[in-house]
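This report concerns only the one structure given below.
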């Protein structure tokens, strides 16, 4: 399970729209690498709950999440519903780990995705899990958290936010 290098802010692939996976079983090795990369990032940086394939240079619609001991392997995820109510938070990203962005996310969502077996599943998420899903879904569309900043006041270094 090799951890792979994470693309950093400014890398042009992070702005590409990821392509659907035609054979979900082909995502097995990619998901293995995503998990290994997430765990290595968590070990070295002390945080991390999710990663999208494009962050390791693969422009395929694949996301790996690990939240509160639960693993989520999402192939070809797509929203089927987003709540109208939103909440504000300071978001971070593996692609710019020292920078945080204040933004708004939908409080709840419903996501349809495939498993590596090809089977379709539905994920209903709220709060922190919903926020994380939206962050990773944005990556699949070439959108970064910094794009959601309303002004320069919504950007801060991690060390400053953690001191508050």
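Bear in mind these aren't lab numbers, they're just calculated from the coordinates by the rules spelled out. Since this is a predicted model, take the numbers as computed values, not measurements. FYI the Cβ positions are ideal-geometry reconstructions off the backbone, even for glycines, and counts take in every protein chain you see.
The reciprocal of the average 1/r between distinct C-alpha atoms defines the Kirkwood hydrodynamic radius, which for the stretch 15-103 equals 14.4 Å. Of the beta bridges in the chain, as assigned by DSSP with both residues counted there, near 95 percent are antiparallel. Using only the C-alpha atoms, the convex hull of the stretch 12-163 corresponds to 112 Å³ per residue.
Taking each DSSP H run with n ≥ 4 as -39500 (n - 2.57) and averaging over every residue of the chain yields -7500 deg cm²/dmol at 222 nm. Sorting 127-134, 28-35 by average packing, meaning the other beta carbons within 10 Å per residue, from highest down gives 127-134, 28-35.
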